[in-house]
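Taking it in order: structure first as structure tokens, then the write-up.
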Amino acid sequence: MIGIFVLNGVNLGTLGQRRPEVYGTLTLNDIENLLREEFTDVDLEFRQTDYEGEMVGFVREARESDGLIINPGAWTHYSYALHDALEAVDIPKVEVHLSNVHAREEWRRYSVISPAVDAVVAGMGADGYVAALRFILSRSGEG
Ligand code: DQA
């Protein structure tokens, strides 16, 4: 079975309560369930952490898998450590943002992560994770 890591970074554990007008009302658990229901043939490794070093470890672990989806939260905008970890992992990688980061504060427009991934999805809410998963499946010939 194809294995895909879905990694969520800092503050994403509070989805559902945190600024629902921006990030929606679904919790991270709801998003996980939605993906598990839609992609029954995929072995999903769904994780969240507020610790940057732990996230770097998750990215390294994903090396053996068929693809990686990452919503880095605010690390998107400044974590060179996460950029370097992603750059070193040679599997299909997609950066996902629930909100349209380009329509918000100026500092959210820039991602230090994007140069290290294959594709970026922003502004589609939870559907962005679905789109990212479909992209990885089609890349690996399973879609
Ligand atoms: C986010 C956008 C980031 O700017 C923000 O810091 C987040 C969530 C998103 O999913 O829209 O924590 O990655």
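All of the numbers you see were taken from the coordinates with simple rules; none came from a lab. What you see is a predicted model, and the numbers here were worked out from it, not measured in a lab. Here Cβ is always computed from backbone atoms with ideal geometry, including for glycine, and neighbour counts include all displayed protein chains.
Before moving on, here are some points about what is shown:
- Residues with amide H under 5 Å from that of Phe46, placed H, sequence gap 5 or more: Val6
- Across all directions, the average projected area of the convex hull around the alpha carbons of the chain is 7.5 nm².
- Taking the centroid of alpha carbons for each part, segment 115-143 and segment 19-33 are 18 Å apart.
- Top of Pro92, Pro72, Pro20 by mean-square fluctuation, Gaussian network on the chain, Cα under 10 Å: Pro20
- Taking amide H atoms as placed 1.01 Å from N in the peptide plane, the amide H of Ile70 lies under 5 Å from those of Leu7, Val94, Glu95, Val96, each 5 or more residues away in sequence or on another chain.
- Label point 7 Å beyond Cα of Ser140 along Cβ direction - residues of segment 53-68 with amide nitrogen under 14 Å: 62-68
- Residue-wise HN-Hα coupling along segment 5-11, computed from phi with Karplus coefficients 6.51, -1.76, 1.60 (Hz; x: Gly, Pro): 8, 10, 10, 10, x, 4, 6
- Under 5 Å, built H, 5+ apart or other chain: amide partners of Ala122: His97
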